[in-house]
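Derivation of every value follows stated rules applied to the coordinates shown; laboratory data play no part. Since the structure is predicted, the reported quantities are computational estimates derived from the model, not experimental observations. Using ideal geometry, Cβ is built from the backbone for each residue, glycine included, and neighbour counts are taken over all protein chains shown.
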Amino acid sequence: MAASAAVTANYVLKPPPFALDALEPHMSRQTLEFHWGKHHRAYVDNLKKQVLGTELEGKTLDHIIHNTYNNGDLLPAFNNAAQAWNHEFFWESMKPGGGGKPSGELLALLERDFTSYEKFYEEFNAAAATQFGAGWAWLAYANDKLKVVKTPNAVNPLVLGSFPLLTIDVWEHAYYLDFQNRRPDYIKTFMNNLVSWEAVSARLEAAKAASG
Amino acid sequence: MAIRSVASRKTLAGLKETSSRLFGFRGLQTFTLPDLPYDYGALEPAISGEIMQIHHQKHHQAYITNYNNALEQLDLAVNKGDASTVVKLQSAIKFNGGGHVNHSIFWKNLAPINEGGGEPPKGSLGSAIDTHFGSLEGLVKKMSAEGAAVQGSGWVWLGLDKELNKLVVDTTANQDPLVTKGGSLVPLVGIDVWEHAYYLQYKNVRPEYLKNVWKVINWKYASEVYEKECK
């Protein structure tokens with residue numbers, strides 16, 4: 001009983017940590033209804049079907065992601081598994097009344113590794129704006145250093161050996177209803193109004209602990 | 001807007017060819033947005049006027065603007081013998097040049113229903129489709145399935161392999177033109193499956209967009225290209 005509960009429990013469509021209309025006017029309820037309710041849900045449902053009866057069945061998302069990345073020559077389950085992971089991480093990267101400048105240790109590290117918060121902001125914006133086609137931009141932690149990374153389609157820094165700390169989804173479905181083609185406006189809105197620096201700080205602590 | 005409604009399509013076609021290229025400083029050929037041969041709302045209900053306007057005026061225009069910038073930088077770098085900049089610019093050229101190439105084809109691949117949009121291909125292309133795919137329905141089913149399966153952004157194509165003299169269905173990622181899948185491939189019909197091509201109307205349901213887009217596919221144009229390339 002416990003074993004089969006664990007199998008399906010790995011692939012759960014967790015609701016975002018806020019109501020679907022809580023990010024208005026910066027990210028509309030309509031966007032979240034589709035983005036979480038349709039896109040994210042489909043990745044989870046399709047992953048369940050895809051791994052059923054295979055040796056990936058019952059494995060964690062992390063395990064599937066690492067084992068299907070295959071150095072970039074992606075195996076079939078990678079897309080659904082990574083996108084399920086990425087989207088849950090994305091919702092938890094945001095909060096109502098978020099955005100602005102972080103403080104404390106996180107700010108100190110951003111200033112250390114980017115020379116200033118403004119330089120980090122510029123670099124993160126640029127990565128998100130210049131990821132061509134579908135993808136994600138990240139703040140990631142590796143070798144005791146913070147860095148900005150951009151990835152195509154479903155790829156995330158886990159497979160590149162880094163700890164993700166923050167992400168923005170730049171697939172068109174993430175912003176098209178609210179911003180149409182205006183991705184730069186979406187990115188600015190995300191940075192100024194949505195980022196949950198608390199979540200980022202908590203992940204940084206976890207990353208530092210995990211790196212020993 | 002005014003030009004499009006007053007001029008006949010033949011005149012416009014002549015203007016289009018020359019106006020899509022501007023000769024700049026030192027003979028560097030840059031590009032401008034080609035006019036659509038139909039109004040933005042003319043493909044409804046298959047593709048909304050809102051999508052057509054944003055797709056044409058914002059997305060295609062941005063590819064052209066960025067392509068021109070990349071070409072100017074490339075021109076400078078080539079003339080300076082700056083090999084590393086020349087190489088660095090290749091991805092911007094592929095993305096944006098590809099975007100311009102692909103969308104220029106796409107607008108011609110579409111036509112309002114009252115101007116032949118959706119009318120099945122006749123002549124040699126019609127026969128070739130039956131030979132290679134069994135029927136037009138067979139081709140449509142295959143292209144729709146492959147278009148739906150594209151992960152992320154890209155295109156699904158019906159192409160002619162000139163070397164093997166056969167029709168092929170293939171997909172490309174991002175704005176890669178069909179020729180990146182094979183030097184002898186000539187695009188006949190391309191369907192944009194980037195989310196911007198359908199999201200405002202069809203949201204996440206890409207298969208529904210793919211079902212409906214066939215109603216406005218301009219097989220006359222595809223046949224013209226096919227017949228020309230088969231000579």
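Magnitude of the charge dipole for segment B:161-216, about its Cα centre and with charges confined to Cβ atoms of Lys, Arg (+1) and Asp, Glu (-1), is about 200 debye. Entry for segment A:111-197 at q = 0.11, 0.24 Å⁻¹: log10 I(q)/I(0) = -0.28, -1.26, Debye formula applied to identical alpha-carbon scatterers, no solvent contribution.
The percentage of C-alpha pairs in segment A:58-117 whose separation is greater than 20 Å is 52%. Extent of segment B:43-173 along its three principal axes (Cα atoms, max minus min coordinate, largest first): 54, 39, 29 Å.
Taking 8 Å as the Cα distance limit and 6 or more residues as the minimum spacing, I'd like the relative contact order of segment A:82-212 as a percentage. Answer for segment A:82-212 is 33 percent.
Once the Cβ-Cβ distance of A:ASP185 and B:GLU137 is raised to the sixth power relative to R0 = 45 Å, the FRET efficiency obtained is 0.60.
Rounded to the nearest Hz, the phi-derived 3J(HN,Hα) couplings of segment B:187-198 under the Karplus curve 6.51 cos²θ - 1.76 cosθ + 1.60 (θ = phi - 60°) are x, 9, 9, x, 10, 6, 10, 4, 4, 5, 6, 8, where x marks glycine and proline. For B:LYS162, the aspartates and glutamates whose Cα comes closer than 17 Å to its Cα, not counting residues fewer than 8 places off in the same chain, are B:ASP170, B:GLU224, B:GLU227, B:GLU229.
Convex hull of alpha carbon positions in segment A:170-212: directionally averaged projected area 3.8 nm².
Expressed in units of 2.2 N^0.38 Å, where N is the residue count, the Cα radius of gyration of chain B is 1.04. A Gaussian network model of chain A, with springs between Cα atoms under 10 Å, assigns the largest mean-square fluctuation among A:THR115, A:THR54, A:THR130 to A:THR54. With both labels modelled 7 Å from their Cα along Cα-to-Cβ, the B:GLU119 to B:LYS228 distance reads 1.9 nm. Put a plus charge on the Cβ of each Lys and Arg, a minus charge on the Cβ of each Asp and Glu, and nothing anywhere else: the dipole of chain A about its Cα centre is then about 100 debye. If you place +1 on the Cβ of every Lys and Arg, -1 on the Cβ of every Asp and Glu, and leave all else neutral, what size is the dipole of the protein assembly as shown about its Cα centre, to the nearest 20 Debye? Once rounded to the nearest 20, the dipole reads 620 debye. Only Cα pairs within less than 10 Å get springs; with that Gaussian network setup on chain B, which residue of B:GLU146, B:GLU163, B:GLU72 has the largest fluctuation? Judging by the Gaussian network model, the answer is B:GLU163. Using equal-weight Cα scatterers in the Debye expression, the normalised intensity of chain A in log10 at q = 0.09, 0.12 Å⁻¹ is -0.35, -0.62. Take the Cβ atoms of B:LYS211 and B:LYS166, set R0 to 30 Å, and the FRET efficiency comes out at 0.70. Ranked from largest, the principal axis spans of the Cα set of the protein assembly as shown equal 69, 60, 41 Å. For the residue pairs A:LYS101/B:LYS58; A:LYS14/A:LYS59; A:LYS49/B:LYS215; A:LYS101/A:LYS208; A:LYS147/A:LYS188, the C-alpha atoms sit more than 26 angstrom apart in A:LYS101/B:LYS58; A:LYS49/B:LYS215. The distance from the alpha carbon centre of segment B:170-208 to that of segment B:109-159 is 12 Å, rounded to a whole number.
The gain in end-to-end length when the A:SER116 to A:ASN71 segment is fully stretched comes to 12.8 nm, 0.36 nm per residue minus the alpha carbon separation. If R0 equals 56 Å, the separation of the Cβ atoms of B:ILE93 and A:LYS208 corresponds to a calculated FRET efficiency of about 0.85. Cβ-to-Cβ counts within 10 Å put B:VAL216, B:VAL169 in ascending order as B:VAL169, B:VAL216, the fewest first. The HN-Hα couplings worked out from phi for segment A:110-125 by the Karplus form 6.51 cos²θ - 1.76 cosθ + 1.60 (θ = phi - 60°) are 4, 5, 5, 8, 10, 6, 6, 4, 4, 5, 4, 3, 4, 5, 5, 4 Hz, whole numbers, x standing for Gly and Pro. Per residue of peptide B:151-162, the mean number of Cβ atoms on other chains within 10 Å of the residue Cβ is 2. Summary value for chain B: 21 percent relative contact order, contacts being C-alpha pairs under 8 angstrom separated by 6+ residues. Listed by Cβ neighbour count within 10 Å, with the fewest neighbours leading, A:SER196, A:SER201 appear as A:SER201, A:SER196.
Sequence-ordered 3J(HN,Hα) estimates for segment B:155-160 from the Karplus curve with 6.51, -1.76 and 1.60 and θ = phi - 60° stand at 9, 10, 10, 9, x, 10 Hz, glycine and proline given as x. Shielding value for A:168-180 is 3, the average number of Cβ atoms from other chains within 10 Å of each residue's Cβ. Normalised by the number of residues in segment A:73-155, the average gap of Cα pairs under 8 Å and 6 or more apart makes the relative contact order 25 percent.
Among A:TYR141, A:TYR176, A:TYR11, whose mean-square fluctuation peaks in a Gaussian network model of chain A (Cα, cutoff 10 Å)? Evaluated over chain A, the most mobile residue of the options is A:TYR176.
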